[in-house]
Structures are given as C-alpha cells and as structure tokens.
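Visitor: Sharing a structure here in structure tokens format.
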Amino acid sequence: MRIVATALLALALPLTTAQAPAEKAAVALGSVIPAPSEVRPGGTAFRLTDRTVIEAPRGSRNVAERLAEALRPATGYRLPIVERSSSRKISLRTGHRDGYRLTVGRDEIAISAGDNAGLFAGVQTLRQLLPPAIDAATPQRARWLVAGGEIVDRPRFAYRGAMLDLARHFHTPAEVKRYIDEISRFKVNHLHLHLSDDQGWRIQIDSWPRLTAVGGAPGTGVDGVGGGYLTKAGYRDLVRYAAERYVTIVPEIDMPGHVNAAQVAYPELTCDGVAPPPRTDTAVGYSSLCIGKEVTYRFAEDVIRELAALTPGPYLHIGGDEAHATSEADYVAFQQRVLPLVAKYGKTAYGWNEIDQAPAAADAVLQYWNLEPTVTLRHASKVVLSPANRAYLDMKYTPSTPLGLSWAGYIEVRTAYDWDPTSYVAERAILGVEAPLWSETLRDLDDIEFMAFPRLAAIAELGWSPHRDWESFRERIRAYYPRWETRGVDFYRSPQIG
Ligand code: NGO
C-alpha cells in the first residue's frame, strides 16, 4: 500500500474567489462503477462547503455516519449530522422502494431508498461523483462540486459477492476490513470467507479446540508461511464491521474434502485413526472425512451449530468441492446427512456446484465454479455464478503476472467483464455473481489488491448493472485510477484500460 502524493496535487484544483454558480463539476453524472440504471444530467451542480450538513432520520444514522466519515478527511469540513435542516444539505430519506434515487440540485443532494442498504448504495454513488481527491486522508484544496441531475438505480441481482481464502494464507481482521471497505464501494454486498482447508483452520470452534490450536498455529499455510485464526470475538467484530457497510459475511467450512488440517488436529476424523502429516503444498483432492464413522457427523454438526450461532446472515457454505478422495456414493450419503443440518440451525445451505449430486441440495444455493458455459441444475434451483475462467481473481492476468495461478486460463480485465450471467442459466435461477480470490500465491494486502482490482469492479458491474458496455466500463475504470492511487490501493494497470 502506498499513497501517491503527486496524484493528489494534480487533482486538487485551486480555489478561485469569484465562482459562477453554474460551474461544471469535474465528474460527469453517471461516471460511476457499477454503471447506474438511469442517469439524467441537468440543472445546477451542488457544491459541498464548510456549511453543508447531512440530514438523516434517526433510523439511518449509520448510513449518515458512513457518509460523513467518507467526506470529512479530505474536505476538512464538520458536516454535522442532523435530523432536520433548512441549510444546504445532503439528505438521506427512506421511502422510495427498490434501489435508490439520487437527485442533485443547487441546494440539496437528496438520496432516497427503500432501506438503509439502498441509501448506502446511493452514498457510494455520491462518493464517485465527487473529485477523486475526496478519497484523500487529509484536507485538500479542491472544489467539491457534484454535477446536477438525477440517478435512478437498482441492483440486477440480489447477491453480489467477493471471497477471501483465509486458509491457504491467513489474512488478518484489519486486512479483511480494508477489503470490505474497497468492495463495498462497488456495491458488493456479500463477503464469503473460506475458513478451512487442507493447510489450515481459521475459526475458533469451542467444542473442537484443537482445530485452531493446531490448524491455526504459526506456520500453517502454503509454504509454511502465515498461521493465525479468528477468535469468535474477532469474527463477530468482522460481522459487525461488514454489517455497518451492508455487507453480509458468508462463512465456509469445506467438507468432506479439503480437511487435512482438521485431521491433523483430530486423527479420529480419518478412517484409520492415524494423523496425516500437516500440508503446506497446494495439491487438492487428497483428503476426505470418513463417511462411515459417526464421529464425522458429530464433528459436522458441532461446527455447523457454532458457525450458525455466529452468523446473522442467511447463508452457511459447507464447501463440497473436489472431494476426489471420497467415492460418489459416499459423497452423496455425506451430503444427504450434512446439508439438512444447515437448515436445522436456521440457515440456507450453500456449497460448490458438486453438492448438486445430492437430492438434499434441492434447498441449497449452488456456487458454480466450473468452466463449461452452461449450468445444469439437477436438484438445486438457485445459483451464484463464479465461473473460474471469468470470475476467479486468483487467475493471472497474463502469463507474466507475478502472482496467481493459471489452471483456468489467463483473465485480463476484459475477459472478467465481457460475459453474460444469463448465458449460463436462466435469469430466474441466478441469485447473483461472486468473485472468489484464492490465496495459494498471495500473502498480504498488496497481493490481494493487485489481483482483485480492477477485476472485482468488473464482476460487481455484472452483478449490479442492467447493461454491459466494455468501452464505457474501460473509460470509467480509467477515470477511477486516481481514486485507487489516492487510497494507496495496489491495483493492476492493464494495457487494455490504457
Ligand atoms: C478451485 C479449488 C480451490 C483452489 C482454487 C484455485 C475450488 C472451488 N476449489 O476452486 O481449492 O484454491 O481452485 O483457483
């Protein structure tokens, strides 16, 4: 992470004394990612000054605070939050139904929405309508103008997701929070956390304490680098932080494969009762829970129960991918017992597309990660699309990308952007899209940012916007670069963007 001071200077326009009221804003209304549904430019720009107030009903205080927090550092203004005001203001109102409406005039920017999540989405749009210097951490000399007009906007899909893999390399709560800050700007509203795998176990489970004592110890992770886990208190804090940004955390425990770390901690989870060696390599598909043993289901139920209790969101992901060391019959038998446990603890089961082999997947959400351009649903009726050759943020951009894998191909920004979710499966079956980021080759936040941006923004636009237009996206991403630079986000400068 590094702050580029020169970019800030270039963007900060000098203040002049005599300003015509009809000055032009630096950012065109609609130059926003994801692209809004309807944009009607017109009327007078709004100018944010040291007199501006934020008006919000008590029930929307959290959104108002997020807005104030976003605008105060760079403007240096107080921007008090009040319940009613006749001053020039940014007002938040609930009432308008689906999505949000943002209107900009000389005296007021009004954002109205059906709920606080909608208002928060409108706030993210507003942030992008201000000059990029608005993202600076210290006061900037700039004219804070927002172009006049109206935006009416609503999401195409309910689920817009990102995923972090804490198992291959642990990522700290501070890093996860920083990622939440970045993804929520693009109206991504779910963050899936891959919390267990062959190399490590990253969430405290009270009834099986060795999972983290052993599976989260120093040196657990690919190449023996990393280690660490989330305590329950730490996890709850992340859930709360995410919720304040209208992001739902989706926890995943991967079963019946990808369980080597659990078996190192508890050898009774293997069929022969012998602990396997800890693994720090990146092979997949070699471990399996013992399908015939009762302890397997005690383990699964304890983990699901404790995880459900930590999870206010509706989904609990039980993995289910690449169980190559489990026979097909055993796999189905396992899922027939385990999928209903998720419902028993009040959650909707969610799993990689392999779970669709089991009839019990009828009530589950599938996460499609395969490469074939068609999804065939056998039992489930809802799917989140994460085709690995489009949406996997851990694939290299090109053969010379220093990080990442390439088993699903190279994914330049345009490849991540130029596909249509409805060409995979009927629109009514699509809950949404998700961009997973696996961490075999990633260590720190710079690595995460470099692989995620700009591609995460591409997947976010597919999940939110009704239309897809590469040329327009390319221009808006190019215009977005100074914002990432200002925040010190270590993004990939694609030659496709220019
Ligand atoms: C696969 C595999 C993961 C890897 C990832 C790397 C799924 C669902 N299972 O995706 O274990 O980390 O590829 O790209």
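Visitor: Sort 244-254, 437-447 for me by packing, meaning the mean count of neighbouring Cβ atoms within 10 Å per residue, highest on top.
Guide: Sorting 244-254, 437-447 by mean packing, highest first, produces 244-254, 437-447.
Visitor: Then there's this: On a 0 to 90 degree scale, rounded to 10, what angle separates helix 173-184 from the longest Cα axis of the chain?
Guide: Compared with the principal axis, the helix lies near 60 degrees.
Visitor: With a point put 7 Å past each Cα toward its Cβ, work out how far ARG51 is from GLU471 in nm, to one decimal.
Guide: About 4.4 nm separates the two model spin labels.
Visitor: Moving to a separate point now. Compute the acute angle (0 to 90°) between the alpha-carbon long axis of helix 328-344 and the principal axis of greatest extent of the alpha-carbon atoms of the chain; round to the nearest 10°.
Guide: That works out to roughly 50 degrees.
Visitor: Using r as the Cβ-Cβ distance of ASP420 and SER381, and R0 as 25 Å, what FRET efficiency do you calculate, to the nearest 0.05? Don't jump to the answer; show the numbers that get you there.
Guide: On the way: r = 20 Å, r/R0 = 0.80.
Result of the calculation: an efficiency of 0.80.
Visitor: THR138 to THR172: extension gain in nm, 0.36 nm per residue of separation minus the Cα-Cα distance?
Guide: That works out to 9.7 nm of additional length.
Visitor: Hey, how many Å between the Cα centroid of the stretch 436-490 and the Cα centroid of the stretch 154-225?
Guide: The two parts, judged by their Cα centres, are 19 Å apart.
Visitor: On a 0 to 90 degree scale, rounded to 10, what angle separates helix 232-243 from the longest Cα axis of the chain?
Guide: 40 degrees
Visitor: Once both labels are modelled 7 Å past Cα along the beta-carbon direction, what's the ALA283-SER406 spacing in nm?
Guide: 2.4 nm
Visitor: Please sort by residue number the trypsin sites (Lys or Arg not before Pro) in the stretch 336-405 whose DSSP state is loop and whose Cβ has at most 15 other Cβ atoms within 10 Å. Don't jump to the answer; show the numbers that get you there.
Guide: Numbers: sites: ARG337, LYS344, LYS347, ARG378, LYS382, ARG390, LYS396; in loops: LYS347, ARG378, LYS396.
Qualifying residues, ordered by number: ARG378.
Visitor: In the chain, what is the count of Lys pairs whose alpha carbons are under 26 Å apart, counting only pairs at least 8 residues apart or on separate chains?
Guide: Pairs that pass both the separation and distance tests number 15.
Visitor: Around ASP135, under 10 Å between beta carbons, what's the net of Lys plus Arg minus Asp minus Glu among the other residues? Before the final figure, lay out each step's value.
Guide: On the way: positive: ARG127, ARG185, ARG483, ARG487; negative: GLU485.
Here the charged neighbours net out to +3.
Visitor: If amide H atoms are built 1.01 Å from N in the plane of the peptide, which residues on other chains or at least 5 residues away come under 5 Å of the amide H of ARG279?
Guide: none
Visitor: Could you tell me the center-to-center distance, by alpha carbons, between the stretch 79-102 and the stretch 128-150 in angstrom?
Guide: Result: 18 Å between the Cα centres.
Visitor: For the chain, what is the mean residue ellipticity at 222 nm derived from helices alone (per DSSP H run of n ≥ 4: -39500 (n - 2.57); sum divided by total residues; nearest 500 deg cm²/dmol)?
Guide: Working: 14 runs with 150 residues, N = 498.
The helix contribution divided over the chain gives -9000 deg cm²/dmol.
Visitor: Then there is this: Counting only DSSP beta bridges with both residues in the stretch 7-153, tell me the antiparallel percent, nearest 5.
Guide: Working: 16 of 27 bridges.
Percentage antiparallel, nearest 5: 60.
Visitor: Next question. Return the long-range amide H neighbours of ALA408 (sequence gap of 5 or more, or a different chain), with a cut-off of under 5 Å between placed amide H atoms.
Guide: Result for ALA408 returns nothing.
Visitor: Where both partners of a DSSP beta bridge lie in the chain, what percent of those bridges are antiparallel, to the nearest 5?
Guide: Details: 17 of 60 bridges.
About 30 percent, rounded to the nearest 5.
Visitor: Give me the distance in nm between label points sitting 7 Å out from Cα along the Cα-to-Cβ direction at ALA325 and GLU427, one decimal.
Guide: Calculated label separation equals 4.5 nm.
Visitor: Would you pull out the residues with amide H under 5 Å of HIS192's amide H, same chain only if 5 or more places away, H placed 1.01 Å from N?
Guide: The list, which skips near neighbours in sequence, is ALA162, MET163, LEU164, VAL250.
Visitor: Sticking with this one: Output wanted: per-residue J couplings in Hz (rounded whole) for the stretch 297-304, from phi through Karplus 6.51 cos²θ - 1.76 cosθ + 1.60, θ = phi - 60°, x for Gly and Pro.
Guide: 7, 5, 4, 4, 5, 4, 5, 5
Visitor: Give a residue-ordered list of calculated ³J(HN,Hα) values for the stretch 346-363 (Karplus: 6.51 cos²θ - 1.76 cosθ + 1.60, θ = phi - 60°; whole Hz; x for Gly, Pro).
Guide: Coupling constants for the stretch 346-363: x, 10, 8, 6, 9, x, 4, 4, 4, 5, 5, 5, 9, x, 5, 6, 3, 9 Hz.
Visitor: Taking θ as phi - 60°, what are the ³J(HN,Hα) couplings along the stretch 122-139 by the Karplus curve (6.51, -1.76, 1.60), each to the nearest whole Hz, with x for Gly and Pro?
Guide: Computed from phi, the couplings for the stretch 122-139 are x, 5, 5, 4, 4, 4, 6, 7, 7, x, x, 4, 4, 8, 5, 8, 10, x Hz.
Readers should treat all values here as calculations from the given coordinates under stated rules, not as data from a laboratory. Because the structure is a prediction, the values reported are computed rather than measured. Ideal geometry is used to build each Cβ from the backbone, glycine not excepted, and the neighbour counts take in all protein chains shown.
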